[in-house]
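Asker: Below are the structure tokens for one structure; questions will follow.
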Amino acid sequence: MSEVERLLQNAFVPVEPPGALTERLERRLTELTDAAMHELADFDPGALRDPRRWARLAAAGLVAGTAGGALILVRARQKHRRREAHGLRALQNGLREVSGDMRRRMTR
Amino acid sequence: MATAVDKPQLDLEFAELYRAHLRDVYSYSYYRIGNHHDAEDLTEQTFLQAYRHFARARAESNGRPLRPWLIRIAHNLAANYHRDRSRRPQTHLEDAAILTEPLGTEQIVEEREEVEAVLRGVAGLPDDRREALIMRFALGMDNREIARALGRSEGATKVLIHRAIRQLEERLKEEEEVTDE
């Protein structure tokens, strides 16, 4: 390694993300989830007869699909914080549990 | 496109990717943007965008690591940021340089001056050279990963990094000569 490379190594230390960032990112994902869930909760089967509402329903479904996964990610992180005593296996079990819960909610 | 059956597994993998590379994306964003506030926004946008396209990226990666893909998203968002705001990246040394080993006062001052000179030198390099150096030294990416993140061949990336280091070396030498005069 040359002298300049050594200097670069010293200068570009990895920067830890602030705790506020992870909190904000998780909140954004949760908001996405909630918005999509509300949209689907308001779903009226009669709306399918009105083609003007198809685009809106399709968009809600798409967002819910994305946001459902986002919720899983967020909950996974929340569980990750609590998993210290349980290890990775507990996190994976938690993820499966949450994703199962999401699937049940989506198919209701 | 992933099927509904694949979704829990996809989410599990995305959570792993997020955990493994949050620091990489944040470090890259910080050194590209130069302030924590906007680096946080950029990191957030990177992961939200990555989540939306994760299934496709995973399918197209053929099992290769996804870090270059994540960094490419951050790279494109950072380019938009600079284009929209017409800003040049600035790195705040006092936040970025973390000296981990206990040093004497004189040694700390000397190290800080060296780091400042290097960051000034890097800031004055052409964009592609600066980005390649950030990927190599802040994130520890190898030539293959950097090539994928920048959308170049491995050979071209090797040359790019070599030229970036040479150019920086010359700048530092010039600066040293001016200081000595």
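Asker: When you check B:ALA59 against the structure, is it modelled with pLDDT of 90 or more and away from chain A (no Cβ under 11 Å), yes or no?
Answerer: So B:ALA59 fits the description; yes.
Asker: From the list B:ALA156, B:ALA117, B:ALA149, pick out the single residue that is under 19 Å from A:PRO14 (Cα atoms), of a type in the set (Gly, Ala, Ser) and surrounded by fewer than 21 Cβ atoms within 10 Å (Cβ to Cβ).
Answerer: B:ALA117
Asker: Taking B:ARG64 and the conditions (1) part of a loop (DSSP other than H, G, I, E, B); (2) within 15 Å of the chain's Cα centre (by Cα), which numbered condition does it fall short on, given that it satisfies the others?
Answerer: The failed condition is (2).
Asker: Among the numbered criteria (1) in contact with a Lys or Arg (Cβ under 8 Å, 6 or more places away or on another chain); (2) more than 8 Å from chain A (Cβ to nearest Cβ), which single criterion is violated by B:ASP84?
Answerer: Tallying (1) in contact with a Lys or Arg (Cβ under 8 Å, 6 or more places away or on another chain); (2) more than 8 Å from chain A (Cβ to nearest Cβ), B:ASP84 fails exactly one: (1).
Asker: Given the conditions (1) exposed (fewer than 14 other Cβ atoms within 10 Å of the Cβ); (2) at pLDDT 90 or above; (3) not polar (S, T, N, Q), report the number of the one that B:GLU94 does not fulfil.
Answerer: It fails just one condition, (2).
The values are calculated or read from the model by the stated rules, or taken from the named source; none is laboratory data. Predicted model, so just to flag it, every value in this text is computed and none were measured. We place every Cβ from the backbone using ideal geometry, glycine too, and count neighbours over all the protein chains shown.
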